[in-house]
Amino acid sequence: MSTILEVRDLEKTFGQLVAARDINVSVPQHQTVGVIGANGAGKTTFINMITGHLSPTKGTILFEDKDITGKPSREITGLGISRSFQVAQIFPTLTVFENMCIAAAIAHRKPGMFGNIMTPVRSAETTAAAEAAIELFQIGRYRDVTANALPQGVRKLLDIGMAVAGSPRLLLLDEPTSGISIEEKFDLMNVVMSALKTRKITVLFVEHDMEIVARFADRVLAFYDGTVIADGTAHETLDNPKVQELISGVRLKAGAHA
Ligand SMILES: Nc1ncnc2c1ncn2[C@@H]1O[C@H](COP(=O)(O)OP(=O)(O)OP(=O)(O)O)[C@@H](O)[C@H]1O
Ligand SMILES: [Mg+2]
């Protein structure tokens, strides 16, 4: 299996604060990677550096063998990396279909200064991508509902669907199940993960719920104080005594994946 993402000696400082340090991770194509760690451990900082929302202080990021370190997020999106944020980024007064069309238009925009206005929001290409994403994420019955009227779980599916509408090869999800009830989380993740499998998208997802991590991740990275303290199968990482000691909630759920 070939490597899709390679991160070497990555570091990010904000003044005196070291938010990320000594991160070395190599991700093969089609892997589902869970990212765990306490609040402030550096998970979002790690994702932000991969997507170009933050420029690393040190280190290298290779995507499909191409050096993307410090490139602007727009360029990185164009190369095939997409993401969702901790808080959903959708247009509340537009419908599900309209939101998807915009996401597809942004992803398919032509390069250059006038790229945005030269890519119509409702071209044959963008509407086809929008309809396909709506079907893939099973939200067809909400197609013409405005985003502000959607149930929270559907809003999440829309948000992630929009990230997928541009056909990325690598997707980064920052807490996709936050704000979702325990009963709904598994259903949401089932839809998301089967959609990503269908499209053969490699995914890194940040998650605080260890049962979700154990159920959906092939591999789990545990962050503590800006660095990766464990990297292995879900079983290996969640059973790691250091992880259980340093990350709350792990010990509690450690048997869940058995
Ligand atoms: N733009 C910034 N400027 C200054 N400090 C920042 C900035 N972004 C993050 N930090 C700090 O870097 C550290 C890591 O933050 P980060 O957001 O990556 O944590 P996290 O693991 O995503 O936490 P959470 O689970 O709460 O989302 C924290 O101490 C945070 O306060
Ligand atoms: Mg975060």
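The values are calculated or read from the model by the stated rules, or taken from the named source; none is laboratory data. All of these numbers come straight from a predicted model, not from anything done at the bench. Neighbour counts run over all protein chains shown; Cβ positions are idealised from the backbone, glycine included.
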Residue that is farthest from ligand 2 (Cβ to nearest atom), among those in region 32-75 that are closer than 27 Å to residue 197 by Cβ and in contact with a Ser or Thr (Cβ under 6 Å, 6 or more places away or on another chain) | 61
Just checking, which of 75, 125 is assigned to a helix (DSSP H, G or I), at pLDDT 90 or above and not hydrophobic (A, V, I, L, M, F, W, C)?
-> 75
State yes or no: is residue 70 in the same structural domain as residue 250 (by TED's automatic domain parsing) and in contact (Cβ under 8 Å) with a residue 12 or more places away in the chain?
-> yes
Meets criteria (away from ligand 1 (no atom under 15 Å from the Cβ), among the small types (Gly, Ala, Ser), over 13 Å from the mean Cα position of the chain (by Cα) and under 23 Å from residue 200 (Cα atoms)) for residue 73 = no
Name the one entry in 209, 239, 231 that is in contact with a strand residue (DSSP E or B) (Cβ under 6 Å, 6 or more places away or on another chain) and either free of Cβ contacts under 8 Å to residues at least 24 places away in the same chain or among the acidic types (Asp, Glu) (or both).
-> 231
For region 180-224 the number of residues that are surrounded by 15 or more Cβ atoms within 10 Å (Cβ to Cβ) and of a type in the set (Ser, Thr, Tyr) is 2
Kindly indicate whether any position in region 37-58 is farther than 30 Å from residue 151 by Cα, in contact with a Lys or Arg (Cβ under 9 Å, 6 or more places away or on another chain) and more than 16 Å from ligand 1 (Cβ to nearest atom).
-> no
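Quick grid of which residues meet (1) within 16 Å of ligand 2 (Cβ to nearest atom); (2) closer than 23 Å to residue 165 by Cβ; (3) among the aromatic types (Phe, Trp, Tyr):
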| residue | (1), (2), (3) |
| --- | --- |
| 198 | no, yes, no |
| 202 | no, yes, no |
| 205 | yes, yes, yes |
| 209 | yes, no, no |
| 212 | yes, no, no |
| 217 | no, no, no |
| 228 | yes, no, no |
| 235 | no, no, no |
| 238 | no, no, no |
Given 128, 147, 163, 88, which one is closer than 15 Å to residue 74 by Cα and either in the same structural domain as residue 39 (by TED's automatic domain parsing) or of a type outside the set (Lys, Arg) (or both)?
-> 163
Return the only residue of 105, 88 being surrounded by 15 or more Cβ atoms within 10 Å (Cβ to Cβ) and within 16 Å of ligand 1 (Cβ to nearest atom).
-> 88
